[in-house]
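Note sheet for the following structure.
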Amino acid sequence: MTPEAGAAWGGNQATVRFEAGPQVPTWGLELTAGGKAFAVDGKALSYSQKERTLTFSAAAAGLALREAEPCPFVLRTKMPAAATLKEWALTYRRAEDHTPPGPVRVQEALIHDTFEADMGAWTGSAATPRAGSTARCWCATPAPPPQAATV
């Protein structure tokens, strides 16, 4: 088992390796982590038949982990008869989390021209985008200042 039972854990993956012998069908396995039950679905809990490993992803499971608190795990069979195969706990330590952050996702937002008054008209930019660019630039063009009358 990786990490070992009782070890500090960064909330990354937890893996159970099965020894050679008869296999329990994946539809008959269930892992309870932090009080939530997970079936082998390829998302939070996946099984590799080639490596004979059951891998749990805390990030995909959406577990709320707290610093220095143990997260209990229970691996059991559901069918033909419910039986507990293994129980253990891992203690969450943020310093052990070596998972890089996910990518930043930015969405284009529409700007309505009525959010401020007396700022002038919205016009397209005079700048021409580079060839192949899909960039759009919109800027507020202020009204020209009033000219002093000459007599």
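For the reader, a short list of remarks on this structure follows.
- Check on Met79, closer than 30 Å to Gly35 by Cα, hydrophobic (A, V, I, L, M, F, W, C) and modelled with pLDDT under 85: yes
- Residue that is nearest to Leu31 (Cα to Cα), among those in the stretch 73-88 that are touching a Gly at 6+ places or on another chain (Cβ under 9 Å) and surrounded by fewer than 15 Cβ atoms within 10 Å (Cβ to Cβ): Met79
- Test: residue in the stretch 53-66 that is part of a loop (DSSP other than H, G, I, E, B) and touching a helix residue (DSSP H, G or I) at 6+ places or on another chain (Cβ under 8 Å): yes
- Members of the stretch 93-106 that are in contact (Cβ under 8 Å) with a residue 40 or more places away in the chain and either in contact with a strand residue (DSSP E or B) (Cβ under 6 Å, 6 or more places away or on another chain) or part of a loop (DSSP other than H, G, I, E, B) (or both): Arg93, Glu96, Asp97, His98, Thr99
The values are calculated or read from the model by the stated rules, or taken from the named source; none is laboratory data. Remember, predicted model here, so these are calculated numbers, not experimental data. When we count neighbours, we look across all protein chains shown, and the Cβ atoms used for this are built from the backbone with ideal geometry, even at glycine.
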